[in-house]
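What follows is a set of notes on a single structure, which appears directly below.
Read the figures in this text as sums done on the coordinates, not as results from a lab. The structure presented is a predicted model; accordingly, all values stated were derived computationally and were not measured. Methodologically, a virtual Cβ is constructed for each residue, glycine included, from the backbone with ideal geometry; neighbour enumeration extends over all protein chains shown.
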Amino acid sequence: MANKVIDLDGIAYRVKERDNAGMWQDCYLEARPVSKICKYVDDFVGFDTGHWVVTETNGSCTQALADTRNGVLVLTSIATEDNGTQIQLGTSTTGEAFAPAASKNLWFETYIASNDADQNDIFVGLHVQDTSIIAGFGTDYIGFQVVDASASINCLSCASSVVTTSSAVATLSDDTFVKLGFKITGTSKIEFYVNDNLVATHTTTIPTALMQCSLAHLTGEAVANTLSIDYVAIAQDR
C-alpha cells in the first residue's frame, strides 16, 4: 500500500492507502483533526439507553447484549406478528445530528444479522425522529430495508416524502452477518454498499433534513425473531 498526501483545509497529511476500503477510502478518520470531522462509533460492548431512544410495539420486546467477542446488541420481538423494537440515537425530542450538506461527505455503516431473513421487517440507516419507522416511514430517510416474506435487501432514499428505491440489491441469509453502508457526496449522490461492494447509486431524493441513526425490526410471524447489530459507524465532514 502506497502513502498518499492529502490536504485538509490547508493542512497536509501523509496517510497510507488502504486496500479494499470500499466507501471509506477517502474518509481518513485517523488523519483528520476532530475540528474537521464528526464521528460516532458504537461496538455495543455496552448499551446505554441514555444515548438511545427505545420504542417497542409491545412492552415485552427485549434489547440485550450478547455474550460474544467484540460485542453485539440483540433486538428480540415477542411471538406476535408485527411486533419489535426500534432504537434511535439521541433523545425523544432532540439529537438529530446527521444530514447531507453541500460540499460535505457523510458515511454510514453497520453490520447486522437476522435469525430468519425472510420473516423480519428491517430498517437500518438515518431517519428523522419517529416512533414507528417501519410501520409508517417519516418524511426524510436514507438506509437499507428488508421486507417480511422476502430476504431481499433494498436501498432507500427519501426527501420530503418522495422515495427512490433500488430493489433486491443483495439477499440476506439466516444468521449471517452482512455489512451495509452508504456514502453521501454533498447533496448530489448516495452510493450504497453491501459487503464493501457498490450495489446502487441514487442522485435524486437526497434529504437535507437532520436525521438520527436508526435501527429497527418487526417480526413477520408469530415467533420471537431477532435483529443482531455488531456495530454502527457514522462520520460526516463538519
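A few points about this structure:
- Within the shell defined by Cβ-Cβ distances under 10 Å, the residues around V146 carry a net charge of -3, with Lys and Arg each +1 and Asp and Glu each -1.
- Counted charge near N70, where neighbours are those whose Cβ lies closer than 9 Å (Asp, Glu -1; Lys, Arg +1): -1
- Where the alpha-carbon atoms of the range 37-237 are placed on the principal axes, they occupy 45, 35, 32 Å, in descending order.
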